[in-house]
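Right, one structure below, let's go through it.
Values in this text are rule-based calculations from the coordinates and carry no lab data. Because the structure is a prediction, the values reported are computed rather than measured. Neighbour counts are summed over all protein chains in view; Cβ atoms, including those assigned to glycine, are modelled from backbone coordinates with ideal geometry.
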Amino acid sequence: GNSVTQMEGPVTLSEEAFLTINCTYTATGYPSLFWYVQYPGEGLQLLLKATKADDKGSNKGFEATYRKETTSFHLEKGSVQVSDSAVYFCALSEGRYGGSQGNLIFGKGTKLSVKP
Amino acid sequence: GAGVSQSPSNKVTEKGKDVELRCDPISGHTALYWYRQSLGQGLEFLIYFQGNSAPDKSGLPSDRFSAERTGGSVSTLTIQRTQQEDSAVYLCASSLMGGGAGDTQYFGPGTRLTVL
């Protein structure tokens, strides 16, 4: 079945450090890939997404590229801030052609703490 | 505009009691999803609605769980004879179209259910 694997946390970085959170997936069809973020005390928010191979999603300085050959969607940011401290979830969804109805399949989440 | 809202935000109940959780999706969104977030299992899909019908109930963990949606809008998730393993945060999400792989889902703040 479909699944998402992301690096275990927690990850602790100093402000302005480079961030990478690895995410790989297994899917039967042609999924869309997402990164969601959960800030402390808040709900899940979409951070970025990519709907086909080689697409790059970007938002708030974060980027991720849909790599079909390596089945990966790693999240990167060049210079993290304290305000980026949150839990980050990688997710995929497949539509009807993939035998699904668009529901999201999530990784376990990676907690990021950025210290000043 | 208004986002997805859920009520109650917190619910504490005794084992064996029934509970109802409510979700108000974004106006005009035809698709509605329920998920569960727990420490042990991460984020799990429960059920998907397209309009008032539920073409995918594959994630409901047992027959104690049911859900309905009326008027293509509000949805209620009901858990009968609650068990301690039902303790989790129940999340609702809505999207404009649903069923497709790339549709963005918008999440509510969740209902934290604690079964004593």
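Here are a few things to note about the model shown:
- Fraction of alpha-carbon pairs over 11 Å apart in region B:62-107 - percent: 76 percent
- Rg(Cα) / (2.2 N^0.38 Å) computed for chain B, rounded to two decimals: 1.00
- Principal axis box of the protein assembly as shown, alpha-carbon based, largest edge first, Å: 49, 40, 36
- Its residue count N fixes a reference of 2.2 N^0.38 Å for region A:8-116, and the Cα radius of gyration divided by that reference is 1.06.
- Inter-site label distance for B:Ser53 and A:Lys60 at 7 Å from Cα along Cβ, in nm: 3.8 nm
- Nearest-0.05 FRET efficiency for B:Thr104 and A:Gln81, computed from C-beta distance (R0 25 Å): 0.55
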